[in-house]
Amino acid sequence: KAGVTQTPRYLIKTRGQQVTLSCSPISGHRSVSWYQQTPGQGLQFLFEYFSETQRNKGNFPGRFSGRQFSNSRSEMNVSTLELGDSALYLCASSNGQGRPNYGYTFGSGTRLTVV
Amino acid sequence: AQKVTQAQTEISVVEKEDVTLDCVYETRDTTYYLFWYKQPPSGELVFLIRRNSFDEQNEISGRYSWNFQKSTSSFNFTITASQVVDSAVYFCALSEAGADSWGKLQFGAGTQVVVTP
């Protein structure tokens, strides 16, 4: 069974640009969550999608957005990139409507560097 | 407010020593789940264990064991007879069971474990 796949693995962007990251969940998983990991702030929850609907959102500016497709694949977009957006972006997928008793499986992440 | 606290920033041990990682959490929910994840240098978060708030039974799984105490809101994790491959950052995480928390983990700051031969 394939795991959670995130593409690309590495990305370098210029300040002011926008970027789109992709996450393909484990087959059958319909809940996808996104996290930002930085040395200063640690692992922070961005948002969660289930059945193409955003159910929960963390405390991030509107430049951070996402969506989920009918096949449960999810994308997150960051517009007007800032240097502080440099981070490892992780996604996790879950079965069972995203309930914690089903656990969360993470991908390898996309490392974004903003220059 | 920080809901998960991992006070230890880094722990260094020599191979075969035991390592205990501390985790203290805060929640008002009566139903919640606690997790431990390992993050090797590759970056992926690897699931280790999950416990729910109604199960305080402490268990051992291979070289891993955990001590869950609701009275002190602690969920400590022990690696017995550490190996170099255990070197990683370990994260404790909390997930509250309410529907408005589904899909959301709240992580501690992580503890870097360094195991030297």
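Using the structure shown, decide if residue B:19 is within 13 Å of the chain's Cα centre (by Cα), of a type outside the set (D, E, K, R) and within 11 Å of chain A (Cβ to nearest Cβ). It is false that residue B:19 is within 13 Å of the chain's Cα centre (by Cα), of a type outside the set (D, E, K, R) and within 11 Å of chain A (Cβ to nearest Cβ). Listed by position, the strands (runs of 3 or more DSSP E) enclosed by region B:10-100 that each have at least 1 residues that are within 18 Å of residue A:37 (Cβ to Cβ) are B:10-14, B:32-39, B:46-52, B:88-96.
Under 27 Å from residue A:109 (Cβ atoms) and open to solvent by 30 Å² or more (accessible area, probe 1.4 Å): does that describe residue B:87? Let's see the steps before the verdict.
Values: under 27 Å from residue A:109 (Cβ atoms): yes; open to solvent by 30 Å² or more (accessible area, probe 1.4 Å): yes.
So residue B:87 passes the test.
In region B:97-117, the qualifying residues are those that are open to solvent by 20 Å² or more (accessible area, probe 1.4 Å) and in contact with a helix residue (DSSP H, G or I) (Cβ under 8 Å, 6 or more places away or on another chain), and the one that is nearest to the other protein chains (Cβ to nearest Cβ) is B:102.
Could you check how many residues of region A:75-111 are over 18 Å from residue B:39 (Cα atoms) and open to solvent by less than 10 Å² (accessible area, probe 1.4 Å)? Step through it out loud before you land on a result.
Within region A:75-111, the first condition is being over 18 Å from residue B:39 (Cα atoms), and the residues that meet it are A:75-86, A:94-102.
Keeping just the survivors that are open to solvent by less than 10 Å² (accessible area, probe 1.4 Å) gives A:76, A:78, A:81, A:85, A:94, A:98, A:100.
So the count comes out to 7.
Can you tell me which of A:16, A:3, A:42, A:28 is in contact with a Phe, Trp or Tyr (Cβ under 8 Å, 6 or more places away or on another chain) and surrounded by fewer than 20 Cβ atoms within 10 Å (Cβ to Cβ)?
Only one candidate passes the filter, namely A:42.
Residue-wise test of (1) within 11 Å of chain A (Cβ to nearest Cβ); (2) open to solvent by less than 70 Å² (accessible area, probe 1.4 Å).
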| site | (1), (2) |
| --- | --- |
| B:4 | yes, yes |
| B:30 | no, no |
| B:40 | yes, yes |
| B:43 | yes, yes |
| B:51 | yes, yes |
| B:60 | no, no |
| B:73 | no, yes |
| B:79 | no, yes |
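The values are calculated or read from the model by the stated rules, or taken from the named source; none is laboratory data. Predicted model, so just to flag it, every value in this text is computed and none were measured. With ideal geometry, Cβ positions are generated from the backbone for all residues, glycine too; neighbour counts draw on all protein chains shown. For the accessible areas, the whole protein counts, side chains as well, though only heavy atoms, and no ligand, DNA or RNA atoms are used. Shrake-Rupley method; radii C 1.70, N 1.55, O 1.52, S 1.80 Å.
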